[in-house]
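The values are calculated or read from the model by the stated rules, or taken from the named source; none is laboratory data. Treat the numbers as computed from the prediction; the structure is a model and nothing was measured. Because the Cβ atoms are built from the backbone with ideal geometry, glycine has one as well, and the counts that use them run over all protein chains shown. Protein only, heavy atoms only, side chains kept; ligands, DNA and RNA dropped before computing areas. Shrake-Rupley method; radii C 1.70, N 1.55, O 1.52, S 1.80 Å.
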Amino acid sequence: MITLALSKGRIFDETLPLLKAAGIEVTEDPEKSRKLILPTTHPDVRVVLVRATDVPTYVQYGGADIGVAGKDILLEHGGQGLYQPLDLKIAKCRLSVAVRDDFDYVAAVKQGSRIAVATKYTNCAREHFANKGVHVDLIKLYGSMELAPLTGLADAIVDLVSTGSTLRANHLVEVEEIMQISSRLVVNQAALKTKREPLRAIIDAFASAIQ
């Protein structure tokens, strides 16, 4: 049995065509089913639904053989024990710095003053600002990042941006792009040895599909 870890939402939806190219279709809609393990048309492949941040952990420790995770999640996780054979080029967005539209970010950074940054991507944010020589106090949040500058909790946020419409609706502006983000295929290194042929077939099918 091959177990594939996916998170609900955009990554799940955009992985389906790649699975189809591999001759695998999920037979239940995760939005309608309460099941966390979904069968597929392939008798030896199942899908487990986990939080996006948990995908690398499930794959690393063998709860899943293979998974799809965003580059942002993998950078925060560290990617230990994971083989990352493919950039699937799905769920594209960018990791950026954003501030209130009346906050002078350039001046704050130039003066070398200490700024407060709210994010769930603390490792990426720390490295980015360290490379710029900017001192930051990092505040870890998990949701509604846009509230932090509006309530005075933080001067800036580091978050994923797709269209920027949520930022604009909350009077925030994107001031700096840190990196482009897309989703990667991750594979358990032990499973790659013990289940080499079926896993290699899936990896090759995904590779053909994204080309």
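Points to keep in mind about this one:
- Listed by position, the strands (runs of 3 or more DSSP E) contained in region 1-62 that have at least 2 residues being modelled with pLDDT of 95 or more, over 21 Å from the mean Cα position of the chain (by Cα) and polar (S, T, N, Q) form an empty set.
The rows are residues; the columns are (1) among the β-branched types (Val, Ile, Thr); (2) touching a residue at least 24 places away in the same chain (Cβ under 8 Å); (3) open to solvent by less than 50 Å² (accessible area, probe 1.4 Å); (4) closer than 30 Å to Thr3 by Cβ.
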site: Glu146; (1), (2), (3), (4): no, yes, yes, no
site: Thr151; (1), (2), (3), (4): yes, no, no, no
site: Ile157; (1), (2), (3), (4): yes, yes, yes, no
site: Arg168; (1), (2), (3), (4): no, no, no, no
site: Glu177; (1), (2), (3), (4): no, yes, no, no
site: Gln180; (1), (2), (3), (4): no, yes, no, yes
site: Asn188; (1), (2), (3), (4): no, yes, yes, yes
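- In region 122-134 there is at least one residue matching the filter, namely being open to solvent by 40 Å² or more (accessible area, probe 1.4 Å) and touching a residue at least 40 places away in the same chain (Cβ under 8 Å).
- Neighbours by Cβ (under 6 Å, 6+ apart or cross-chain): first from region 105-120, among the hydroxyl-bearing types (Ser, Thr, Tyr); second assigned to a helix (DSSP H, G or I) and buried (at least 16 other Cβ atoms within 10 Å of the Cβ): Thr119/Ala125
- Per the listing Val99, Val106, Val117, the residue uniquely at pLDDT below 95, hydrophobic (A, V, I, L, M, F, W, C) and either open to solvent by 40 Å² or more (accessible area, probe 1.4 Å) or under 13 Å from Val158 (Cβ atoms) (or both) is Val106.
- Residues within region 200-211 that are over 13 Å from Lys20 (Cα atoms) and either in contact with a helix residue (DSSP H, G or I) (Cβ under 6 Å, 6 or more places away or on another chain) or basic (Lys, Arg) (or both), tallied: 1
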